[in-house]
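Working notes, beginning with the structure itself.
The values are calculated or read from the model by the stated rules, or taken from the named source; none is laboratory data. All of these numbers come straight from a predicted model, not from anything done at the bench. Please note: Cβ atoms are built from the backbone with ideal geometry, for glycine as well, and neighbour counts cover all protein chains shown. Please note that ligands, DNA and RNA were not included when accessible areas were found on the heavy atoms of the full protein model with its side chains. Shrake-Rupley method; radii C 1.70, N 1.55, O 1.52, S 1.80 Å.
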Amino acid sequence: MPPGHDEDHAHVTAEHQRLAAVLAVYLSAVQPRSAVALLGDVAYALFPVAGNSAPARERAVQVASNFLERTGDRAGAVIRIGSVVSESAALARSRANADRALRVLFSGQICERVAAISDVYVDALLMEMRDLAISNRDELSGPLARLTAYDARHNAHLVETLRACLDAFGDIIEAAASVFVHPNTFRYRIRRVAEVGQIDLRDSPARFAGMLQLRLMPVNGGGGARSKDPSPATPAS
């Protein structure tokens, strides 16, 4: 254990406790029935709201934003908001959704200091689908497997080309610029993508399958999907 480790840990723990206490005081002033509990490195808050879910969620986001504006960014605090629930039996689901939103934050996909699960739901869902693919030891298949194998043998950048084309919704000029090649070169590579990958990019289900697999599977020069998830599931503040 390096020198000063205990002192650093104690300082971080004390800072977390201080922020949780400040949050509890702030929320109590806004809504007296609020409650805050520090569990590990995460402070969980119950914030009663009225009305249906959309205005209630907006209210929670506004309160969270105001709190962070008051505390500043010195502590690096962020707030993620779970789902709005109408009964205590559903609180566990709301907490789970807050944790899902927090995990998206730690994946580096978003940088906002305040976000509700509804704002990052698709990102959370994709991460969980990727967990399932890794758990099942799924491997690349179909067009993407063929393109990855070809790239590994020939350094042809076909997977990169497919990704750029899909990200640009087929706009050749934009896609070519994103990978720093001439549009004519990109058009040639797209033809090679269709030939090698045996994929019809005019077919919407084929495009969707390609986009989804690119999101879910770690793709490298050698081609497999069996790699560790770089995004830890354990949240920390």
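Brief remarks on what is shown
- Residue within region 48-60 that is within 22 Å of the chain's Cα centre (by Cα), surrounded by 11 or more Cβ atoms within 10 Å (Cβ to Cβ) and either under 19 Å from residue 106 (Cα atoms) or polar (S, T, N, Q) (or both) present: no
- Among the residues making up region 148-175, those that are aliphatic (A, V, I, L, M), in a helix (DSSP H, G or I) and more than 13 Å from residue 187 (Cα to Cα) are 149, 152, 159, 166.
- Top-ranked residue of region 148-172 - restricted to ones that are of a type in the set (S, T, N, Q) and closer than 20 Å to residue 215 by Cα, ranked as surrounded by the most Cβ atoms within 10 Å (Cβ to Cβ): 161
- Scan region 91-115 for residues that are in a loop (DSSP other than H, G, I, E, B) and either open to solvent by 50 Å² or more (accessible area, probe 1.4 Å) or touching a residue at least 60 places away in the same chain (Cβ under 8 Å) (or both) and the total you get is 6.
- Leading residue by the ranking (nearest to the chain's Cα centre (by Cα)) among those in region 173-208 that are farther than 13 Å from residue 142 by Cα, β-branched (Val, Ile, Thr) and open to solvent by less than 40 Å² (accessible area, probe 1.4 Å): 179
- Residue 125 vs. criteria touching a Lys or Arg at 6+ places or on another chain (Cβ under 9 Å), open to solvent by 60 Å² or more (accessible area, probe 1.4 Å) and either modelled with pLDDT under 95 or assigned to a helix (DSSP H, G or I) (or both): yes
- Residues being farther than 17 Å from residue 47 by Cβ and polar (S, T, N, Q) - total across region 86-114: 2
- Output for region 148-188, where each listed residue is under 20 Å from residue 206 (Cα atoms), without any contact (Cβ under 8 Å) to a residue 40 or more places away in the chain, in contact with a helix residue (DSSP H, G or I) (Cβ under 8 Å, 6 or more places away or on another chain) and not charged (D, E, K, R): 157, 158, 161, 164, 165, 168, 172, 175, 186
- Residue that is nearest to residue 55 (Cα to Cα), among those in region 81-90 that are open to solvent by 30 Å² or more (accessible area, probe 1.4 Å) and in contact with a helix residue (DSSP H, G or I) (Cβ under 6 Å, 6 or more places away or on another chain): 84
- Scanning region 132-142 for residues that are part of a helix (DSSP H, G or I) and over 14 Å from residue 209 (Cβ atoms) turns up 132, 134, 135.
- Residue check for residue 145: open to solvent by less than 50 Å² (accessible area, probe 1.4 Å), assigned to a helix (DSSP H, G or I), in contact (Cβ under 8 Å) with a residue 60 or more places away in the chain and not acidic (Asp, Glu): yes
- Selection from region 29-46 of residues that are open to solvent by less than 50 Å² (accessible area, probe 1.4 Å) and either in contact with a Cys (Cβ under 9 Å, 6 or more places away or on another chain) or not aliphatic (A, V, I, L, M) (or both): 31, 34, 44
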